[in-house]
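Trainee: Structure below; questions to follow.
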Amino acid sequence: MSGKSYTLPALRERLAALRAGGGRLVLTNGCFDLLHVGHVRYLQAARALGDLLVVGLNSDASVRAIKGPERPLVPQDERAEVLAALACVDGVVVFDEPTAEALVAALRPDVYVKGSDYTEATLPEARIVQAYGGAVHLMPVIPGVSTTALVERIRRSRADARG
């Protein structure tokens, strides 16, 4: 794994130094099962909102609970490695819960970023961020670009190939 992959205690230690220097933490989270152009653009835009971008990555068990028994397609260690390889990502931390509420409460990011397929009212983490005075930023998503759409396109093309 990369030097950008952290346990929660190690990440909190790194964030203490960031905050002591007046830096702004940006946090986002998700499954990031098959990395696609929507993910890359989203992460690059999120990174521009602060000094350090941390990605909370849903564990394999968490992805299964959210997406169903056929997911994830890529194991969590590989998903973490791919995310950590991106220049815009400063850190990756894996979490087991279905939402990032505990992660948000532990890290208290200055900016919490999610896709605009959410609203602040439907985003469980938003109330935590708002309670300590952080900002929630809803990033525009590219219509039709998702891991689910990619999987469906692959399934259709395999079905077409079989005739």
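Trainee: Determine which single condition G22 fails, assuming it passes every other condition in (1) more than 24 Å from R153 (Cβ to Cβ); (2) touching a strand residue (DSSP E or B) at 6+ places or on another chain (Cβ under 7 Å); (3) part of a loop (DSSP other than H, G, I, E, B).
Mentor: Going through the list (1) more than 24 Å from R153 (Cβ to Cβ); (2) touching a strand residue (DSSP E or B) at 6+ places or on another chain (Cβ under 7 Å); (3) part of a loop (DSSP other than H, G, I, E, B), G22 breaks only (2).
Trainee: Residue by residue through the range 43-90, note down the ones that are in a helix (DSSP H, G or I), under 25 Å from A10 (Cα atoms) and not small (G, A, S).
Mentor: Answer for the range 43-90, where residues must be in a helix (DSSP H, G or I), under 25 Å from A10 (Cα atoms) and not small (G, A, S): L43, Q44, R47, D60, V63, Q76, D77, E78, R79, E81, V82, L83.
Trainee: Would you check if there is a residue in the range 91-107 being buried (at least 19 other Cβ atoms within 10 Å of the Cβ) and assigned to a loop (DSSP other than H, G, I, E, B)?
Mentor: There is at least one residue in the range 91-107 that is buried (at least 19 other Cβ atoms within 10 Å of the Cβ) and assigned to a loop (DSSP other than H, G, I, E, B).
Trainee: Related question: Can you tell me which residues in the range 109-124 are more than 13 Å from the chain's Cα centre (by Cα), within 24 Å of R64 (Cβ to Cβ) and buried (at least 18 other Cβ atoms within 10 Å of the Cβ)?
Mentor: L123 - this is the single residue of the range 109-124 that is more than 13 Å from the chain's Cα centre (by Cα), within 24 Å of R64 (Cβ to Cβ) and buried (at least 18 other Cβ atoms within 10 Å of the Cβ).
Trainee: Then there is this: Given the criterion under 24 Å from G3 (Cβ atoms), in contact (Cβ under 8 Å) with a residue 60 or more places away in the chain and over 13 Å from the mean Cα position of the chain (by Cα), identify the matching residue among A106, A84.
Mentor: The unique qualifying residue is A106.
Trainee: Starting from residues that are in contact with an Asp or Glu (Cβ under 7 Å, 6 or more places away or on another chain) and not aliphatic (A, V, I, L, M), keep the ones in the range 48-78 and report whichever is surrounded by the fewest Cβ atoms within 10 Å (Cβ to Cβ).
Mentor: Restricting to residues being in contact with an Asp or Glu (Cβ under 7 Å, 6 or more places away or on another chain) and not aliphatic (A, V, I, L, M), the top hit is P75.
Trainee: Take the conditions within 13 Å of the chain's Cα centre (by Cα), among the small types (G, A, S) and at pLDDT 95 or above and apply them to A61. Does it pass?
Mentor: Answer is no for this residue.
Trainee: Could you tell me which of the residues V141, V94 is farther than 22 Å from G21 by Cα, touching a strand residue (DSSP E or B) at 6+ places or on another chain (Cβ under 8 Å), at pLDDT below 95 and of a type in the set (A, V, I, L, M, F, W, C)?
Mentor: V141
Trainee: Is it fair to say R14 is more than 13 Å from the chain's Cα centre (by Cα) and modelled with pLDDT under 95?
Mentor: Yes; evaluated as a whole, the condition is true for this residue.
Trainee: Tally the residues that are under 21 Å from A105 (Cα atoms) and buried (at least 20 other Cβ atoms within 10 Å of the Cβ), restricting the search to the range 12-38.
Mentor: So the count comes out to 8.
Trainee: Considering the range 111-135 alone, what residues qualify as being part of a helix (DSSP H, G or I) and of a type in the set (D, E, K, R)?
Mentor: Within the range 111-135, R127 is the sole residue that qualifies.
Trainee: Out of curiosity, is A45 surrounded by fewer than 19 Cβ atoms within 10 Å (Cβ to Cβ), within 19 Å of Y112 (Cα to Cα) and of a type in the set (A, V, I, L, M)?
Mentor: Spelling it out, A45 is indeed surrounded by fewer than 19 Cβ atoms within 10 Å (Cβ to Cβ), within 19 Å of Y112 (Cα to Cα) and of a type in the set (A, V, I, L, M).
The values are calculated or read from the model by the stated rules, or taken from the named source; none is laboratory data. Note that the structure is predicted; figures quoted are calculated from it, not measured. Ideal geometry is used to build each Cβ from the backbone, glycine not excepted, and the neighbour counts take in all protein chains shown.
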